[in-house]
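Taking it in order: structure first as structure tokens, then the write-up.
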Amino acid sequence: MTASTATSHQDRLHEAVARRRPGHSLEGPFYTDREFYDLDIAAVFGRLWLFVATEAEVPEPGDWTTVEIGPYPVVVLRDDAGGLRAFHNVCRHRGARLLGPGRGSVANLVCGYHKWTYGTDGALRHAPAQPPDFDPSCYGLKPVHVRGVGGLVFVCLADAPPADFDEVAARVEPYLLPHALREAKVAARVDLVEEGNWKLVMENNRECYHCDGHPELLRTFFPTYGYTEANLPPHLRAAHDRYLRADAEARATYERLGLPYALIEELDDRVTGFRIQRDALDLAGESFTPDGTAACRRPLGGLPTPRLGHLALHLQPNSWCHVVGDHAITFAVLPLAPGRTLLRTTWLVDPDAVEGEDYDPDTLLEVWTATNGQDARLVARAQHGVSSPAYVPGPYAPTEYQVEAFCAWYTARLREELGR
Ligand code: 3BY
Ligand code: FES
Ligand code: FE
């Protein structure tokens, strides 16, 4: 790129960000163009703390799980001393990808190309047939910042991660700790490739305006989510009355058990935007199942009642999770290409829960598998439509305020990046 084409390229990005009308969806190129995708990787995925895994996926020394963050292959693993580590999953010899897709367990990380061998601390332990002056200490795996928060694993690719994550972690952790997710076990992990830009996947998650497309979820998830008394549509009045009763009971339970439940919603006024809330569920109020009763007989964290509603955590840029009395479901959104995104969903249960005895995996996975499939179809439709030259940004409804918060937060990140 010459200096002048680089400037006009930057100008184009600047102008598109400056044109954004608050309260309206983003222009098409944000979802479709490679230059915006590359900007997202630099401004968002290359800079911020990202949710990528659960500690339950790497319980023992040597356990690993890999993740692709745009063009960056990363491995998260448990080192020999029991600590969490993350590295670029790229061999320091000639760059081959080290560990394959999925999860596994190793004593050492051995590159499949020429057998360079790394310890779980990332140090190069062995490189065959090198001259005597070869210094292995110069070729350790490149580390990636990693930390666990209440059993959720975050990585940051930047040299200097955003400092405000410490505060978010400290505020969120007390909500998560009673559920003992660090000690939980993985009941299932499912990767779903969605045919849409990562932001469409996130935006879709941030509203329930489309929730009549989720009949299975809506048996227990109140469709009034995101509405206020002032903008509640008449057809949701009966559900709202049911919600108020369930909510009063749920709050009494939280108070009795000393579980933090207050809503914190700081989605767009900080680098690490987040929202957390404990909230009632409909029917039996215990779990995301067809009748709302627990799908697993063993409660997470040994809590004394299964009727806990759900704890919902939303984090910018790329995740949400729900914790109910008997299981947790985490969702990581990982961009693959401008119009393709991986949604990784992980179901956690009590470590002593036995599949087939304490839980039936089909029942456990039923609601969110259906919901994810429905959302994937909506995201693909949205991607198709916003790819048309005829698409122009449209206005958000009041109940879509979290989508607006996401886009305001996102454009602030782009402005920051372009101003650097
Ligand atoms: O996952 C959530 O947070 C919910 C589910 C339905 C829409 N969304 C707001
Ligand atoms: Fe890994 Fe050669 S590229 S050992
Ligand atoms: Fe949905």
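With +1 assigned to the C-beta of every Lys and Arg and -1 to the C-beta of every Asp and Glu, and no other charges, what is the dipole magnitude of the range 245-357 about the Cα centre in debye, to the nearest 20?
Taking the Cα centre of the range 245-357 as origin, the dipole is about 180 debye.
Mind pulling the per residue volume of the convex hull built on the Cα atoms of the chain? Å³ is fine.
So the per-residue hull volume is 155 Å³.
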Residues whose built amide H sits under 5 Å from the amide H of PHE222, excluding neighbours closer than 5 in sequence, are ASP282
Expected vector for the range 2-10, Karplus 3J(HN,Hα) from phi with 6.51, -1.76, 1.60 and θ = phi - 60°, integer Hz, x for Gly and Pro, equals 6, 4, 6, 5, 4, 5, 5, 5, 4
Can you bin every Cα-Cα distance in the range 68-220 into 5 Å intervals starting at zero and give me the percent of pairs per bin, rounded to whole numbers? 2, 7, 12, 15, 16, 16, 12, 8, 5, 3, 2, 1, 0, 0
Between the range 180-229 and the range 94-115, what is the separation of their alpha carbon centroids in Å? 33 Å
The extension gain from ARG420 to HIS210, computed as 0.36 nm times the residue separation minus the Cα-Cα distance, is 71.9 nm
Whole percent per 10 Å bin, from 0 to the bin with the longest distance: what is P(r) over all C-alpha pairs of the range 159-281? 10, 28, 40, 20, 2, 0
In the chain, which cysteines lack any other cysteine Cβ under 4.7 Å from their own? CYS138, CYS156, CYS296, CYS321, CYS407
Modelling each spin label as a point 7 Å along the Cα-to-Cβ direction, I'd like the ARG171/ALA158 distance in nm, to one decimal. 1.8 nm
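Once fully extended, how much extra length lies between THR293 and ALA262, figured as 0.36 nm per residue of separation less the alpha-carbon to alpha-carbon distance? Display every interim value, and only then the final one.
Working: separation 31, 0.36 × 31 = 11.16 nm, distance 2.40 nm.
Difference between extended and current length: 8.8 nm.
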Using the alpha-carbon centroid of each, what span in Å lies between the range 230-249 and the range 375-409? 26 Å
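What's the magnitude of the charge dipole for the chain around its Cα centre, counting Lys and Arg as +1 and Asp and Glu as -1 at the beta-carbon? Answer in Debye, nearest 20. List each step's numbers first, then the result.
Numbers: 41 positive and 57 negative charges, 167 e Å.
Around 800 debye, computed over the chain.
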Using mean Cβ contacts within 10 Å as the protection proxy, how do 255-262, 19-26 order, highest first? 19-26, 255-262
Where only alpha carbons of the range 261-395 are counted, the Rg and the Dmax (Å): 17.4, 56
Label-point separation, TYR391 to ASP38 (7 Å along Cα→Cβ), nm: 2.1 nm
Between GLU60 and THR7, how many nm apart are label points set 7 Å from Cα along the C-beta direction? 6.1 nm
Once the Cβ-Cβ distance between ALA18 and VAL190 is put in as r, and R0 is 30 Å, what FRET efficiency do you end up with, to the nearest 0.05? 0.15
Among all the lysines, which ones have a C-alpha under 23 Å from LYS115's C-alpha, if same-chain residues fewer than 8 places away are not counted? LYS142
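Throughout, read-outs are computed from the coordinates displayed, never taken from laboratory work. Just so you know, these numbers come straight off a predicted model, no measurement behind them. All Cβ positions, glycine included, derive from the backbone under ideal geometry; neighbour counts span all protein chains shown.
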